[in-house]
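Novice: What follows is a structure written as structure tokens; I'll ask about it next.
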Amino acid sequence: MRQNPGSNDKIVWYENLNGTGSFSNQKHITSQASDFLHLADLDNDNDLDLLAAAGNKIVWMENTNGQGAFGLPKTITQAVDLAYAVCTADLDNDNDLDVISTSRGDSKIAWYENTAGNGTFGQQQLLNHPYQYITAVHAEDIDGDGDQDIVCGALDKLFWFKNLTNPTSIQDNKSELPNNFQLQQNYPNPFNPSTTIAYSLAKSNLVTLKIYNLSGQELETLVNGFQTAGEHEISWQPKGLSSGIYYCRLKAGNFSETRKLVLQK
């Protein structure tokens, strides 16, 4: 818990001595202020570590002996403004806990991959949304497909992000991951009434796949969410569009590629 907001900020814990609610004196963890705390095994050593959101930082503290002796704060990111809430979930189905955060000052919802399963975290990955003043965040399998989705709250909104990960395909394709990001040419092309769009992801990432007309106007979003590394494909059957040239654009992190699609009725 956090005590005495202001110059005497600190995080402490109290041991339940007999399992019936008799607690010890406070045990100091850190003097760093925090507005939200979360307990989770971030380094896969079978004890609970402490995750904290505070100001412009997301940090975690290792439970060094499994008995509540915590190490110094380790920074996950400083690219947040007014960090508000944190939680953990295995978003990429690799058997470790990744971190999810929200921040009010910049309205960010972001996640950080636990890259080695030992509490070493990757760069901030943002989830796109149109809302302001983001508050709560929670991970749960909302749609019952075996992976963890993300639920968030804003001032007057409750919304969720579907995790597009397929747990089975991760295991099946683990030894055959592509070396590069690539958007392949659709097939058939020209096409009528539908075509298949295939693409390769060298690493798990937030992915968008969108259709545009010749004027650059966005017509349809085929994919918008987190996907695991591997080979992917989707079928597109346009509705209400006339014959002509259209463009499909894949974005995954800093990667972007566009292909020309020809609809011929």
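Novice: Under the 0.36 nm per residue contour assumption, what length would be gained going from the current alpha-carbon distance of residue 17 and residue 115 to full extension?
Specialist: Between residue 17 and residue 115, full extension yields 31.7 nm more.
Novice: Which residues among the stretch 222-246 fall inside the zone where the amide N is under 16 Å from a point 7 Å beyond the Cα of residue 215, along Cα→Cβ?
Specialist: 241-246
Novice: Under a 5 Å amide H to amide H cut-off, with H placed in plane at 1.01 Å, what residues pair with residue 57 once short-range neighbours are removed?
Specialist: 83
Novice: Follow-up question, since we're still on this one. Using modelled amide H (1.01 Å from N, peptide plane; none on Pro or chain starts), what sits under 5 Å from the amide H of residue 164, excluding residues fewer than 5 places away?
Specialist: Counting only residues 5 or more places away or on other chains, the set is 226.
Novice: What's the ranking of 54-64, 83-93 by average number of surrounding C-beta atoms within 10 Å, highest first? If you can, show how the numbers build up before the last one.
Specialist: On the way: 54-64: 20.0, 83-93: 22.5.
Going from most to least packed, we get 83-93, 54-64.
Novice: Output wanted: per-residue J couplings in Hz (rounded whole) for the stretch 200-211, from phi through Karplus 6.51 cos²θ - 1.76 cosθ + 1.60, θ = phi - 60°, x for Gly and Pro.
Specialist: The phi angles translate into 10, 10, 6, 8, 4, 6, 6, 10, 10, 9, 10, 10 Hz.
Novice: Expressed as a whole percent, how much of the Cα-Cα distance distribution for the stretch 197-238 exceeds 17 Å?
Specialist: Within the stretch 197-238, distances greater than 17 Å cover 35 percent of Cα pairs.
Novice: I've got another one for you. Starting at the first residue of the stretch 68-78, write each ³J(HN,Hα) from the Karplus equation 6.51 cos²θ - 1.76 cosθ + 1.60 with θ = phi - 60°, in whole Hz, x for Gly and Pro.
Specialist: My calculation for the stretch 68-78 gives x, 8, 9, x, 5, x, 10, 6, 8, 7, 10 Hz in order.
Novice: Calculate the FRET efficiency for residue 256 and residue 69 from the Cβ-Cβ distance with a Förster distance of 45 Å, rounded to the nearest 0.05. Before the final figure, lay out each step's value.
Specialist: Values: r = 47 Å, r/R0 = 1.05.
Working from the Cβ atoms, E equals 0.45.
Novice: Apply the Karplus curve 6.51 cos²θ - 1.76 cosθ + 1.60, θ = phi - 60°, to the phi angles in the stretch 41-57 and return the couplings in whole Hz, x for Gly and Pro.
Specialist: The phi angles translate into 8, 7, 10, 6, 10, 6, 9, 8, 8, 10, 10, 9, 10, 8, x, 10, 9 Hz.
Novice: Which of the lysines could a cross-linker span from residue 203 if the Cα-Cα distance has to be under 19 Å and same-chain partners fewer than 8 positions apart are dropped?
Specialist: Excluding near neighbours in sequence, the set is 162, 174, 251.
Novice: Still on this structure, please answer the following. Residues with beta-carbon under 15 Å from that of residue 130, excluding residue 130: net charge, scoring Lys, Arg +1 and Asp, Glu -1?
Specialist: Local charge sum for residue 130: -1.
Novice: Hey, what number do you get for the chain at 222 nm if only DSSP H runs of n ≥ 4 count, each worth -39500 (n - 2.57), divided across all residues, to the nearest 500?
Specialist: -500 deg cm²/dmol
Novice: Which lysines, on any chain, are close to residue 27 with Cα under 27 Å apart, when same-chain ones fewer than 8 places away are left out?
Specialist: Those lysines meeting the cut-off are 10, 57, 74.
Novice: In the neighborhood of residue 189, defined by Cβ-to-Cβ distances under 13 Å, what is the net charge if each Lys or Arg adds +1 and each Asp or Glu adds -1? If you can, show how the numbers build up before the last one.
Specialist: Working: positive: 259, 260; negative: none.
Taking every Cβ under 13 Å from that of residue 189, the sum is +2.
Values in this text are rule-based calculations from the coordinates and carry no lab data. Since this is a predicted model, take the numbers as computed values, not measurements. Neighbour counts are summed over all protein chains in view; Cβ atoms, including those assigned to glycine, are modelled from backbone coordinates with ideal geometry.
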